[in-house]
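Since the structure comes first, as structure tokens, the remarks are kept for the end.
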Amino acid sequence: MAPDGAGARITTGVPGLDTVLNGGLLPGGVYIVQGSPGAGKTILANQICFHRVHRGEKVLYVTLLAESHSRLMQHLSRMSFYDADCIPSSVFYLSGYDDLENEGLEGILRLINRESQKRGASLIVIDGVFVLEETVHSEREFRKFVNYLSTLAALLKATILMLTNSKRTQASPEYTMVDGWFELATSTEGYRSRRHVQVHKFRGSGFIAGLHNTEISNDGMRVLPRLEMTEGIGADEAELGRRTTSGLEQLDGLLGGGVPVGSTTLVLGPTGIGKTSLGLHFISRSSDEAPGLIFGFYETQRRLEMRAKSIGIDLAGLTQQGRVEVLWQPPTEHVLDALGYRLLEAVRRSGAKRVFVDGIGGIEQSAAYPQRIPSFLAALTKELRDEGVTSMYSAEVPQVLGHQSDLSFGRISAVAENIVLLRYVELDSRLRRLISLLKVRESDFDAAIREFEITDQGVRVGQVFRHAEGLLTGHAHRQPPADV
Amino acid sequence: MATQPQHILLVEDEPGTLNTTAMLLEMSGFRVSKAPNGRRGLDMLLSERPDLLVTDYMMPHMDGLQLIAAVRAEPTLEGLPILLMSAALPAEAARQQVADGFISKPFDYDEFERRVRALLGG
């Protein structure tokens with residue numbers, strides 16, 4: 001068996017699963033993979049098979065179903081991990097149906113023993129274990145079979161995956177006998193359906209407990225370990241104290257010299273006020289040494305480029321030069337962790353040091369369990385900081401006008417180190433735009449409320465409003481200048 | 001006097017494929033014997049002496065290539081035509097041309113029957 005490095009784990013090749021399993025399966029273990037039809041058991045098992053084969057191993061795949069191997073291979077052939085050249089030299093599919101029919105469970109054990117030795121298999125998959133359960137006359141007989149199988153795995157130094165769709169619980173006797181128990185399932189909330197995996201038991205190793213979302217595509221299965229359980233450990237303290245420009249000199253002045261490197265800035269404001277414009281200014285300062293990334297939900301790259309052009313920013317040029325990447329998330333249903341990993345992967349791929357997430361609401365809406373959002377965002381922002389990223393998020397507040405105490409800053413505010421508030425105010429029968437800072441990490445800052453404008457040369461931050469009051473109520477009124 | 005139907009031994013471990021293919025061949029007028037693996041297939045070849053062997057590749061106990069090798073080594077089975085079928089293209093088998101014909105699974109039955117009839121000289 002080819003070693004996988006430290007700890008002699010059997011890596012699965014299923015992205016994310018090895019993270020959940022603290023490195024992979026353990027050699028010589030017997031694992032039950034349970035899930036209803038369509039849950040992805042066969043894809044998962046075959047993905048592991050081809051991964052092991054590409055590490056130089058041999059695999060025996062025994063089916064107990066009447067399903068034809070040719071149909072199985074037809075379906076698998078659409079998967080990128082499938083390699084027809086490895087069949088049958090390295091992956092050998094055979095049916096155990098006749099042996100089970102004529103010789104029962106002992107026949108299956110003999111078959112597995114003989115064929116795995118003949119093929120030199122270090123991974124054995126038994127697909128359709130529920131057929132075995134239906135064949136046995138008692139629970140005791142099935143337990144005996146699982147016991148023999150464990151012994152066989154140890155003797156053969158092979159890892160065994162048993163795929164079953166029968167609903168077993170932790171009270172099931174074989175639960176105590178196998179080395180691991182993984183459940184694949186689908187849950188439906190309203191119109192949305194989500195796949196997930198849960199490790200119920202993994203003997204001899206720690207693992208990340210609880211539900212983890214999964215995705216199935218032409219690349220096979222991908223497990224998305226809950227981000228807050230895997231990422232964001234430790235901050236880059238060395239960056240503390242350094243400043244970088246927000247993209248607007250006037251705003252840098254208010255911030256006390258720019259935003260702290262590695263910090264997270266939340267730009268809050270109602271629709272249309274200029275949150276994206278501020279983000280475009282921030283991202284426009286990307287360079288070859290410190291590239292930028294726009295991770296947005298509402299505007300495509302083309303639309304963002306047009307919008308940037310209208311305020312004098314050459315986003316198209318920046319993207320062509322490779323200084324900025326725009327990663328637009330189409331308005332479909334998203335999985336929270338998938339978004340997080342997509343963002344982090346893009347950062348790691350491009351080496352981005354400036355990230356603008358345009359519309360944090362897109363992330364919040366993808367959460368099946370909104371209570372996860374604070375810890376998820378904390379993990380995400382910490383991980384971005386660890387990558388040396390200075391980030392900016394835009395968040396929409398529903399109030400166009402209104403008192404500040406009415407504002408809901410959303411769940412992101414807890415992890416935002418700098419908060420920029422954009423407001424409308426009505427004065428002299430005209431709507432004006434205001435900008436103010438609510439919070440800046442490790443810094444004194446100018447808390448004055450200033451007017452700003454969006455021009456074809458960009459955002460212009462003006463002077464402090466000195467002759468009006470009630471600005472944050474949304475309905476200001478003029479105050480006569482004080483006598484000197 | 002009515003002619004005897006030609007006799008085919010079908011060796012296949014997947015029960016669905018085995019039974020369905022056998023049924024279709026019988027409907028086409030052949031006599032069919034069935035074996036679930038190469039080992040049983042070899043026993044039946046020696047005892048039943050069919051006119052054609054149709055065998056799967058990946059099977060337990062004795063796979064298709066091992067079965068074909070055993071047939072070729074058995075003088076009493078000399079000249080027996082063999083059609084190899086498999087969901088995976090057996091590259092080495094194709095190279096060595098161990099069988100008289102190869103068909104990839106899943107197959108179109110009409111094409112399969114044409115291959116069968118061609119090997120039977122019909």
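No lab work stands behind these numbers, since they all come straight from the coordinates. All of these numbers come straight from a predicted model, not from anything done at the bench. Cβ placement follows ideal geometry from the backbone for every residue including glycine, while neighbour counts extend to all protein chains displayed.
When you check A:Val125 against the structure, is it hydrophobic (A, V, I, L, M, F, W, C) and either without any contact (Cβ under 8 Å) to a residue 12 or more places away in the chain or within 14 Å of another protein chain (Cβ to nearest Cβ) (or both), yes or no? Considered against the rule, which asks whether it is hydrophobic (A, V, I, L, M, F, W, C) and either without any contact (Cβ under 8 Å) to a residue 12 or more places away in the chain or within 14 Å of another protein chain (Cβ to nearest Cβ) (or both), A:Val125 comes out as yes. Condition check: under 26 Å from the mean Cα position of the chain (by Cα) and outside any helix (DSSP H, G or I). Does A:Thr12 satisfy that? Yes: the conditions hold for A:Thr12.
Please work out if B:Ser28 is more than 13 Å from chain A (Cβ to nearest Cβ) and surrounded by fewer than 20 Cβ atoms within 10 Å (Cβ to Cβ). Criteria met by B:Ser28.
Counted as qualifying within the stretch A:139-246 are the strands (runs of 3 or more DSSP E) with 3 or more residues that are under 23 Å from the mean Cα position of the chain (by Cα), namely A:180-189, A:192-202, A:211-217, A:220-224.
Contact annotation: residue pairs with Cβ atoms under 9 Å, 6 or more positions apart or on different chains, pairing a residue in the stretch A:330-351 that is in contact (Cβ under 8 Å) with a residue 12 or more places away in the chain and surrounded by fewer than 20 Cβ atoms within 10 Å (Cβ to Cβ) with a partner that is in a loop (DSSP other than H, G, I, E, B) and hydrophobic (A, V, I, L, M, F, W, C), are A:Pro331/A:Phe297; A:His334/A:Phe297; A:Ala346/A:Ala352; A:Gly351/A:Ala290. Within the stretch B:69-91, the set of residues being part of a helix (DSSP H, G or I) and within 14 Å of another protein chain (Cβ to nearest Cβ) comprises just one member, B:Ala91.
The residues of the stretch A:416-438 include none that are surrounded by fewer than 17 Cβ atoms within 10 Å (Cβ to Cβ) and either touching a Ser or Thr at 6+ places or on another chain (Cβ under 7 Å) or under 26 Å from A:Leu380 (Cβ atoms) (or both). The requirement of being of a type in the set (Phe, Trp, Tyr) and surrounded by 17 or more Cβ atoms within 10 Å (Cβ to Cβ) is fulfilled somewhere in the stretch A:170-184, by at least one residue.
For the stretch B:31-60, a residue qualifies if it is within 12 Å of another protein chain (Cβ to nearest Cβ) and touching a strand residue (DSSP E or B) at 6+ places or on another chain (Cβ under 9 Å), and the qualifying residues are B:Lys34, B:Ala35, B:Pro36, B:Asn37, B:Gly38, B:Arg40, B:Gly41, B:Asp56, B:Tyr57, B:Met58, B:Met59, B:Pro60. Condition first: in a helix (DSSP H, G or I), within 34 Å of the chain's Cα centre (by Cα) and either at the interface with another protein chain (Cβ under 8 Å from one of its Cβ atoms) or free of Cβ contacts under 8 Å to residues at least 24 places away in the same chain (or both). Now tell me which residues in the stretch A:79-115 satisfy that. Listed by number, the residues that qualify are A:Ala84, A:Asp85. Of all residue pairs spaced 6 or more apart or on separate chains, those with beta-carbon atoms under 6 Å, a first member in the stretch B:38-62 that is farther than 17 Å from B:Ala99 by Cα and a second member that is basic (Lys, Arg) are B:His61/B:Arg39. For the stretch A:102-118, name all the residues that are of a type in the set (Asp, Glu) and touching a Pro at 6+ places or on another chain (Cβ under 8 Å). Of everything in the stretch A:102-118, just one residue is of a type in the set (Asp, Glu) and touching a Pro at 6+ places or on another chain (Cβ under 8 Å), namely A:Glu115. When the stretch B:29-47 is filtered for residues that are under 13 Å from B:Leu18 (Cβ atoms) and part of a loop (DSSP other than H, G, I, E, B), the ones remaining, listed by number, are B:Pro36, B:Asn37. Cβ-Cβ distances below 6 Å connect the following pairs, each with a first residue in the stretch A:418-436 that is free of Cβ contacts under 8 Å to residues at least 60 places away in the same chain, a second residue that is small (Gly, Ala, Ser) and not in a loop (DSSP other than H, G, I, E, B), and a separation of six or more residues or different chains: A:Leu427/A:Ala468.
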